Amino acid sequence: MKMIKAIVRPEASDAVSDGLAEAGFFSLTKIQAFGRGKQKGITAGSVHYDELAKTIIIIVVEDNDVKEVLKLIKCRAYTGNFGDGKIFIIDVEDAYTVRTGSRGL
Amino acid sequence: MKEIIAIIRPKKMGATKDALDKLGVPSLTAIPVFGRGKQKGIAAEISCDIRPERLTQGDAGGMKYIPKRLISLVVGNDDVDIVVNTIITINQTEQIGDGKIFICPVDNAVRVRTDEQGESAIL
């Protein structure tokens, strides 16, 4: 299993989750976050914004679904400008459902 | 070392923290999050029973995202099973929406104050 952590624009997060739902990946977790990237924030006029609002989308999928989910997120969160976000992929060794205590997704 | 990421009901936070305290693993990070599971967000954060026929109605009357609490704690390899079992027993309500637990490997940990590395940084 892999955990996919995607940091996307807040306005794109609904498009991403809708796209994932259409492809059958309903389960996800969203976190509101602030951060900056390689461009060190953004300067608009005379004001410099160091940290920008982003949404982190966390989704855990089986290994062979990773490619499809990545493609979906990349296509839905894309605007072509700086600040579209980053996607990280993390190993998950085990998963449990609390209600039943059973292993697996 | 392993990171245990558990997504649980917000109202179960107190009980979970107490139980982990008693186990001797009081350190954790909690984040308020929104999310949905396999049921597409139909089982809301409610305390009454959900009739089974409601669950088969698909999207009708469902919430888009349900407020949850994400807790993340890093423990030694030997403690993973007991911590997971404790979180499961405390958070079980027999209702859909009890949450998920993920276990991820962690390469290293550093305590900022003393620069300790590895297992001694999390004890």
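For segment A:90-104, a tally of residues being loosely packed, with under 15 Cβ neighbours inside 10 Å and either touching an Asp or Glu at 6+ places or on another chain (Cβ under 9 Å) or more than 7 Å from every other protein chain (Cβ to nearest Cβ) (or both) returns 4.
For segment B:65-123, residues that are farther than 27 Å from A:D14 by Cα and small (G, A, S) total 5. Using the structure shown, decide if A:G85 is crowded, with 18+ Cβ neighbours inside 10 Å and under 15 Å from the mean Cα position of the chain (by Cα). Answer is yes for this residue.
All of the numbers you see were taken from the coordinates with simple rules; none came from a lab. All values reported here derive from a predicted model rather than from experimental measurement. Methodologically, a virtual Cβ is constructed for each residue, glycine included, from the backbone with ideal geometry; neighbour enumeration extends over all protein chains shown.
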